[in-house]
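This report refers to the structure that appears directly beneath it.
The values are calculated or read from the model by the stated rules, or taken from the named source; none is laboratory data. Worth saying up front: this structure is predicted, and the values here are computed from it rather than measured. Here the Cβ is made from the backbone with ideal geometry for all residues, glycine too, and neighbour counts use every protein chain on show. Keep in mind that these areas ignore ligands, DNA and RNA; they rest on the heavy atoms of the full protein, side chains included. Shrake-Rupley method; radii C 1.70, N 1.55, O 1.52, S 1.80 Å.
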Amino acid sequence: MVQEVQPAAAGHSGTVARRQPARGSLLVAFALATTTLLWFAARWDHLEFLLPWRGPSQLVMLWSATLATLAILAVVRAQALEPLFGGLDRAVRLHRRLGLAALLLLLAHALLLALDALHVGTPVADVLLPFHGDPERGLDILAFWILVGLGALAYDKRLRHERWLVLHRIIGLLFLLGTLHAATEPGTIQDFEPLRTWIVILLLIGGGAWLYRVLLFRRFGPLYHYRVETLVQHDGMIDLVMRPRDRRMMYEPGTFVFIAVPGFEGQQRELHPFSISSSPVERDLRVSVRQVGDFTRRLGTLQPGQPIQVYGPFGGFTPQRFAPYRRLVWVGAGIGITPFLGMLAFELSNHDFRRIWLYYVARTRADAVYDQEIQDSFLNADSFIDYTLWISSEQGRITAKAIAEEIAPLDDYAVMLCGQPAFVEQMARQFRALGLPSERIITEELQFR
Ligand SMILES: Cc1cc2nc3c(=O)[nH]c(=O)nc-3n(C[C@H](O)[C@H](O)[C@H](O)COP(=O)(O)OP(=O)(O)OC[C@H]3O[C@@H](n4cnc5c(N)ncnc54)[C@H](O)[C@@H]3O)c2cc1C
């Protein structure tokens, strides 16, 4: 299980590495600060009329629009923007938080308007119910509740992924149209040129991102044409090996691609993300897929030669971006082992000799489909890779403590975690509780919702 350590590999702890700061958070802080400052500048002379509730209700509405714009930008799937968010996988996580915050701020806006109505003595129903009070506001209030309803529906886990995607697109569009409407109505935005300009910038960013993501990505995204070379069927899993039909995609190990199969009638437009499980030095591209639903099961029917569209690469879950970390703990749970397969193969060929502890967590031995491949391909007498197969039905849940004890007294490692969100979050929390700095915990969740 544990291999001999090559002394050269174990020796380096290297310089203290700093993970690239998440510029996405800085962008959010900058955007919110700009919105707030401009709103105050616009309303400074009339502030007393806007207290206690009307002013805050306007401000939270603008915050909501600002965050919604950034949420749309985060998932634009433009490779050029990936460094801003630290990879598409991290951007999706930021999108989730921003989207929720935008929705909650929208509700806060309604609540503050209701409080304002109570304060000035007008009926609360006038500001909450469509067509109850001012008929000109009727449509606005109706659109508001539709947006809130759709937002809530997006959290329904039973919704099929494709429907959930359509819902997301509608929500994004409604947010943008709402902001556009607010910007063109007489009021704070119209009255103050700098604020109006800022809102126009936000609208252009959000609208451009939405257009690219929804309408243009399939045509102008980073598309590579592959064909099926081989299909290896395991128990409930397949390895899909693809050969480039023209130019080959260059990628960093650990990144992921979106795959579409033009031959899948009724599902041609579906794009499914899969981590790359081959090494970038190889010509062929491999993804290893657990067959969980209609698309992944259908992949089993592919025939050699059939065309595959590959969009990518995406994501920041790659050891190449964390080069100064000389000691790495890799934990892949279930299908979360896939990016590590490509990383291992690359690590063996790049003569970097980083010290690696790999943990492959599977429920049963039968589930550990890639155990043999790891044993055969990546481990040898002077390997710099320690490998542990952790069978949770026999050994119980793996814990950060168990891993840290095995590695002790070394504590200057970075950990890369990949698997389902619950597993990744739990392990990351445990490593943080052990005192591992957050920048040394690099995660990828194999789920976008
Ligand atoms: C960054 C990333 C990397 C991934 N890498 C791998 C991998 O290497 N191997 C692997 O087996 N799986 C991987 N997955 C999961 C894989 O994308 C889904 O299992 C697959 O899309 C399910 O499609 P389905 O129609 O067969 O299943 P369904 O039954 O439709 O869905 C099962 C689950 O997959 C999600 N899903 C469905 N369609 C999509 C879609 N178009 N885009 C995103 N999620 C979707 C659903 O939300 C649901 O949670 C990865 C996911 C992400 C986000």
*Under the Karplus relation 6.51 cos²θ - 1.76 cosθ + 1.60, θ = phi - 60°, what is the ordered set of whole-Hz ³J(HN,Hα) values for segment 117-126, x standing for Gly and Pro?*
4, 4, 5, 8, x, 9, x, 4, 4, 4
*Degrees between helix 161-184 axis and first principal axis of the chain (Cα, 0 to 90, nearest 10)*: 30
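Excluding Ile407 itself, what net charge comes from residues whose Cβ is under 9 Å from its Cβ, given Lys and Arg +1 and Asp and Glu -1? Don't jump to the answer; show the numbers that get you there.
Values: positive: Arg327; negative: Asp386, Glu405, Glu406, Asp411.
Net charge in that neighbourhood comes out at -3.
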*Which parts of segment 91-108 would a label at Val148 reach, counting a residue when its backbone N lies under 12 Å from a point 7 Å out along Cα-to-Cβ?*
103-108
_Suppose only helical runs count, i.e. DSSP H with n ≥ 4. What mean residue ellipticity at 222 nm does that imply for the chain under -39500 (n - 2.57) per run, divided by all residues and rounded to the nearest 500 deg cm²/dmol?_
-14500 deg cm²/dmol
_Give me the one-decimal nm value for the distance between modelled label points at Arg363 and His225, 7 Å along each residue's Cα-to-Cβ direction._
4.1
*Farthest positive-ward along the chain dipole, Cα basis, beta-carbon charges - from Ala414, Phe131, Trp53*: Phe131
*Taking the DSSP beta bridges in the chain as the whole, what percent of them are antiparallel, to the nearest 5?*
55
*Pair Ala33, Arg298: separation of 7 Å Cα→Cβ label points (nm)*: 4.8
*Which Cα, out of Phe264, Ser275, Pro307, lies furthest along the positive dipole direction of segment 223-314 (beta carbon charges, K/R +1, D/E -1)?*
Pro307
*What size of dipole, in debye to the nearest 20, comes out for the chain about its Cα centre when the only charges are +1 on Lys and Arg C-beta atoms and -1 on Asp and Glu C-beta atoms?*
480
_Rounding to the nearest 10 and keeping the result within 0 to 90°, find how far the Cα-based axis of helix 338-349 lies from the longest principal axis of the chain._
50
*To the nearest 10 degrees, how steeply does helix 54-74 sit against the main Cα axis of the chain, on a 0 to 90 scale?*
30
_Whole-number Å³ per residue for the convex hull built on Cα positions in segment 359-423_ = 115
*Leu153 accessible area, nearest 10 Å², 1.4 Å probe?*
80
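Using the crude model of +1 on Lys and Arg Cβ and -1 on Asp and Glu Cβ, and no other charge, please compute the dipole size for segment 55-157 relative to its Cα centre, in debye to 20. Present the calculation step by step, with values, prior to reporting the outcome.
Working: 7 positive and 8 negative charges, 116 e Å.
In debye, rounded to 20, segment 55-157 gives about 560.
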*asked:* Can you give the local net charge around Ile72? Use residues other than it whose beta-carbon is closer than 12 angstrom to its beta-carbon, Lys and Arg +1, Asp and Glu -1.
replied: +3
*Paramagnetic reach from Ser392 (point 7 Å along Cα→Cβ, amide N under 20 Å) across segment 323-338*: 329-338
*With the cut-off at 27 Å, report for the chain the share of all Cα pairs above it, as a whole percent.*
59
